[in-house]
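Reading through the structure tokens given below for one structure.
The values are calculated or read from the model by the stated rules, or taken from the named source; none is laboratory data. From a predicted model like this one, the values you see are computed outputs, not experimental measurements. Glycine also receives a Cβ, built like all others from the backbone with ideal geometry; neighbour counts cover every protein chain displayed.
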Amino acid sequence: MTISHFGAVLLFSLFTSIVFGITQRSDPKMMIRFGAFCFALFVGGTIVASWLMWLIKH
Amino acid sequence: MTTNVQAQARPAQKTTTLPPVLILIAGWLIPGAGHFLLKKWIRGTLLLVSIVAMFGIGLALKGKVYGPNTAELLDMLNFAGDLGNGLLYVIARVFDLGAATEQIAIADYGTKFIVVAGLLNIIAAVDAHSLAIGRKAS
């Protein structure tokens with residue numbers, strides 16, 4: 001199996017956010033909100049870190 | 001007003017008659033099993049699918065499954081993380097799944113997927129235990 005770097009980020013973020021959402025909140029609506037928040041932070045944080053590394057290199 | 005505050009601070013009711021330790025161990029051995037025992041079917045299914053998928057993707061990416069070792073601190077920590085997968089880890093070891101060494105760069109991602117799947121499974125098992133003893137409301 002081969003996977004792109006961004007694909008790996010998306011899969012990792014998705015599954016991790018699902019578990020975080022279920023385990024860290026009690027109310028189902030808050031679970032979905034917290035899961036979406038975690039997903040956005042994972043993906044957004046990776047993109048920001050990637051651009052930072054690009055800027056450092058150049 | 002004081003009465004209301006006390007009522008809100010009261011811990012949640014227990015949700016099962018099963019021993020909480022049994023739920024903790026079941027949740028560790030099989031991802032989501034702790035929630036299944038508490039009849040939280042949707043949560044259990046989502047946890048099962050997420051953790052098994054992460055473990056499976058890790059193996060498919062030729063990630064490494066760590067055995068007991070005393071080599072380096074990080075290797076020992078990775079082994080501890082892998083152990084969190086419960087029976088998935090046992091199956092991987094019995095059938096010799098997971099590369100002995102990482103041959104390609106992307107396999108490092110696979111190794112991390114496997115370790116994180118184990119850590120997430122521990123979080124899920126502890127969550128089921130918290131629900132069973134009433135520490136978590138619902």
Looking for whichever is among the β-branched types (Val, Ile, Thr) and facing another protein chain (nearest Cβ under 9 Å) here; the options are B:57, B:133. Which one fits? B:57
Positions within the range B:22-54 being facing another protein chain (nearest Cβ under 9 Å), surrounded by fewer than 19 Cβ atoms within 10 Å (Cβ to Cβ) and closer than 19 Å to residue B:89 by Cα, in sequence order: B:49, B:53
Got at least one residue in the range A:29-52 being of a type in the set (D, E, K, R), facing chain B (nearest Cβ under 9 Å) and either under 30 Å from residue B:33 (Cα atoms) or over 9 Å from the mean Cα position of the chain (by Cα) (or both)? no
Residue check, residue B:91 crowded, with 22+ Cβ neighbours inside 10 Å, more than 10 Å from the chain's Cα centre (by Cα) and more than 9 Å from chain A (Cβ to nearest Cβ): no
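Rundown of residues vs (1) more than 14 Å from chain A (Cβ to nearest Cβ); (2) modelled with pLDDT of 95 or more, yes/no style:
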residue	(1), (2)
B:81	no, yes
B:87	yes, yes
B:99	no, no
B:102	yes, no
B:106	no, no
B:109	no, no
B:113	no, yes
Exactly one condition in (1) in contact (Cβ under 8 Å) with a residue 60 or more places away in the chain; (2) part of a loop (DSSP other than H, G, I, E, B) is not met by residue B:34; state its number. (2)
Of the residues in the range A:12-26 that are facing chain B (nearest Cβ under 7 Å) and free of Cβ contacts under 8 Å to residues at least 24 places away in the same chain, the one that is surrounded by the most Cβ atoms within 10 Å (Cβ to Cβ) is A:19
Could you count how many residues in the range A:4-34 are among the polar types (S, T, N, Q) and in a loop (DSSP other than H, G, I, E, B)? 2
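Residues checked against (1) outside any loop (DSSP other than H, G, I, E, B); (2) of a type in the set (Gly, Ala, Ser); (3) crowded, with 22+ Cβ neighbours inside 10 Å:
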{"residue": "B:62", "(1), (2), (3)": "no, no, no"}
{"residue": "B:67", "(1), (2), (3)": "no, yes, no"}
{"residue": "B:76", "(1), (2), (3)": "yes, no, no"}
{"residue": "B:79", "(1), (2), (3)": "yes, no, no"}
{"residue": "B:97", "(1), (2), (3)": "no, no, no"}
{"residue": "B:102", "(1), (2), (3)": "no, no, no"}
{"residue": "B:108", "(1), (2), (3)": "yes, no, no"}
Please go through the range B:60-77 and pick out each residue that is over 23 Å from residue B:26 (Cα atoms), more than 14 Å from chain A (Cβ to nearest Cβ) and in contact with a Gly (Cβ under 8 Å, 6 or more places away or on another chain). B:64
Go through (1) assigned to a loop (DSSP other than H, G, I, E, B); (2) within 20 Å of residue B:32 (Cα to Cα) one by one and return the number of the condition residue A:1 breaks. (2)
State the number of residues belonging to the range B:84-134 that are among the β-branched types (Val, Ile, Thr) and touching a Gly at 6+ places or on another chain (Cβ under 7 Å). 4
Residues (within 12 Å of the chain's Cα centre (by Cα) and assigned to a helix (DSSP H, G or I)) located in the range B:18-31: B:24, B:25, B:26, B:27, B:28, B:29
